[in-house]
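In what follows, a structure is listed as structure tokens, so that the remarks can point back to it.
The values are calculated or read from the model by the stated rules, or taken from the named source; none is laboratory data. The structure displayed is predicted, hence computed values, not measured ones. Virtual Cβ from ideal backbone geometry, glycine too; neighbours counted across all protein chains shown.
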Amino acid sequence: MNNICKKRIILFGPPGSGKGTQAELLKTRYGYLHYSTGEILRESVRKKSPLGDKVRDILNRGDLVSDDIMKEIIAEKFASIPPQEAFILDGYPRTLPQADDLARIEEKTGIKMDIALYINVDDRAIIDRVSKRRMCRDCGCVYNTDTSPSKKEGICDKCGGALYQRDDDKKEAVTHRLEVYREQTSPLIDFYSKRGLLKEIDGNEMIDSIFKVVERTVSCP
């Protein structure tokens, strides 16, 4: 972390914009912890609790989880974070009320976010990218039938589990998710711009090219 100045990152952008990939690169190369709200919600679904069943139905429709549920999840997470820990908040906030909730959580815990990285990608590219995504039922490993297919079709290279397409990765659901995103999440661009935290990154480039920009953005001058 010697050359990294931005230690607490809000990472946001359209579904399928590559947020998780960039977060994983930061985690691997610089030791960031990666807090993905999407994975937290999917874990809840896998537990088949009453809350998990409710979340499953919401995700399958391609809708957003309620602000109250997300606030509870994030507040618990921040309460467990050591003050100097470097981490990425991936997928939250997604709405202006959630951004206000996060600001209050920051005030309460004293854990302030340093930067809001916005990865912007064309809708057509996102629909093509996400509709080709496949996930392992057992270990959660993610593949793409075009750019990163498994060695054996339908079988995970890592654990041998079955690959499947999530309902919210199907073309119709992706299209709806993008509509919801543009309506509810894009106002965050203005929200964080006014606070001097926003940095927009072109997510239409290749993964390595995007990451070079991310590195420069979070590095010390």
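Couple of notes before you dig in:
- Once segment 1-25 is narrowed to residues that are part of a helix (DSSP H, G or I) and touching a strand residue (DSSP E or B) at 6+ places or on another chain (Cβ under 6 Å), the residue that is farthest from Ala125 (Cα to Cα) is Ala23.
- Residue match in segment 97-114 (condition: in contact with a helix residue (DSSP H, G or I) (Cβ under 7 Å, 6 or more places away or on another chain), among the charged types (D, E, K, R) and assigned to a helix (DSSP H, G or I)): yes
- Members of segment 77-92 that are over 28 Å from Asn3 (Cβ atoms) and part of a loop (DSSP other than H, G, I, E, B): none
- Arg42, sole failed condition from (1) over 29 Å from Asp190 (Cβ atoms); (2) surrounded by fewer than 17 Cβ atoms within 10 Å (Cβ to Cβ): (2)
- Scanning segment 103-132 for residues that are closer than 26 Å to Glu179 by Cα, touching a residue at least 40 places away in the same chain (Cβ under 8 Å) and either among the basic types (Lys, Arg) or in contact with a Phe, Trp or Tyr (Cβ under 7 Å, 6 or more places away or on another chain) (or both) yields Ala116, Tyr118, Arg129.
- Residues satisfying the stated conditions in segment 133-169, i.e. free of Cβ contacts under 8 Å to residues at least 24 places away in the same chain and in contact with a Phe, Trp or Tyr (Cβ under 9 Å, 6 or more places away or on another chain): Pro149, Ser150, Gly154, Cys156, Asp157
- Residue match in segment 204-211 (condition: in contact with a strand residue (DSSP E or B) (Cβ under 7 Å, 6 or more places away or on another chain), modelled with pLDDT of 90 or more and either within 21 Å of Leu89 (Cα to Cα) or assigned to a strand (DSSP E or B) (or both)): yes
- Lone qualifier among Leu102, Leu96, Leu89, Leu188 - being at pLDDT 90 or above, surrounded by fewer than 19 Cβ atoms within 10 Å (Cβ to Cβ) and closer than 19 Å to Leu11 by Cβ: Leu96
- Which listed residue is in a strand (DSSP E or B), more than 30 Å from Lys194 (Cβ to Cβ) and over 15 Å from the mean Cα position of the chain (by Cα), from Arg46, Arg134: Arg134
- Taken over segment 37-95, residues that are of a type in the set (Asp, Glu), touching a residue at least 40 places away in the same chain (Cβ under 8 Å) and farther than 21 Å from Ser17 by Cβ amount to 1.
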